[in-house]
Amino acid sequence: MISVIIPLYNKERTIVRTIESVLLQVHVDFEIVVVNDGSNDNSVALVHSLSDKRIRVIDQKNGGVSSARNRGIEEALGEWIVFLDADDILLPNCLEILHFLVNEYQVRVAAANFYTYDLGGHKYPYIFSSKSGIVADLFRSFFFKKFYLRMGNSIFHKDLFENNKFDTKLSRYEDYK
């Protein structure tokens with residue numbers, strides 16, 4: 001099973017669209033763990049209005065995105081973890097492709113491509129994959145912007161986080177550390 005962890009803090013404009021993009025996945029063996037990081041807008045009520053037994057809401061005091069991701073890892077029931085920001089969208093085949101990659105290549109981390117679109121002046125990523133395989137030269141791929149390991153386009157085996165957590169002192173670029 002894949003646990004899709006969504007840190008949530010005041011995203012009432014986008015959270016329903018984000019969760020619905022997960023619910024529309026071709027691969028259906030997943031849970032959605034929404035970690036409410038002390039939201040004070042209507043976003044948590046919107047999540048509760050969605051009726052699907054695969055959605056769980058975990059409440060915590062505001063501690064930042066790293067704290068919310070760490071809590072999501074602790075609460076996750078799945079063997080595999082996908083982190084999704086509350087304003088991002090997965091295309092319907094994303095989890096299927098990520099699941100295929102980890103099984104096909106027998107790896108504990110895999111990533112797909114992604115692209116962004118502009119919605120009213122804001123850029124939002126869509127996650128997708130048009131190619132698969134092992135990146136032979138990761139540095140070169142990063143340098144030429146042909147590959148990004150980022151939240152929302154990557155899948156991780158849960159045991160990778162046994163001794164490695166997100167740094168709660170960082171509120172930006174915490175996923176690069």
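The values are calculated or read from the model by the stated rules, or taken from the named source; none is laboratory data. Since the model is a prediction, treat every value here as computed from it, not as a measurement. Backbone-built Cβ (ideal geometry, glycine too); neighbour counts: all protein chains shown. Note: areas computed on protein heavy atoms with side chains; ligands, DNA, RNA excluded. Shrake-Rupley method; radii C 1.70, N 1.55, O 1.52, S 1.80 Å.
Provide the FRET efficiency to the nearest 0.05 for the Glu20-Lys61 pair, computing r from the beta carbons and using R0 = 25 Å.
Details: r = 27 Å, r/R0 = 1.10.
Computed FRET efficiency for Glu20 and Lys61: 0.35.
The alpha carbon convex hull volume per residue for region 1-90 rounds to 78 Å³. Counting only heavy atoms of the protein chains and using a 1.4 Å probe, Arg108 has close to 120 Å² of accessible surface. Apolar share of the accessible surface for region 5-122: 50 percent from carbon plus sulfur atoms, 1.4 Å probe. Structural descriptor for region 1-118: relative contact order 37 percent, calculated from alpha carbon pairs under 8 angstrom and at least 6 residues apart.
Between Val28 and Ser49, the simple spin-label model (points 7 angstrom out along Cα→Cβ) gives 2.6 nm.
Estimate the FRET efficiency between Asn40 and Leu77 by the formula 1/(1 + (r/R0)^6), using the beta-carbon distance for r and 22 Å for R0, to the nearest 0.05. Walk me through the numbers before you get to the answer.
Details: r = 28 Å, r/R0 = 1.28.
According to the calculation, E is roughly 0.20.
Pairs of Cα atoms under 8 Å, at least six residues apart: use those to get the relative contact order of region 10-69, whole percent. Relative contact order, region 10-69: 41 percent. Per-residue extension of 0.36 nm, minus the Cα-Cα distance of Glu104 and Thr168, leaves a gain of 19.7 nm for this segment.
Determine the per residue accessible area of region 1-94 with all protein chains present and a 1.4 angstrom probe, expressed in square angstrom.
41 Å²
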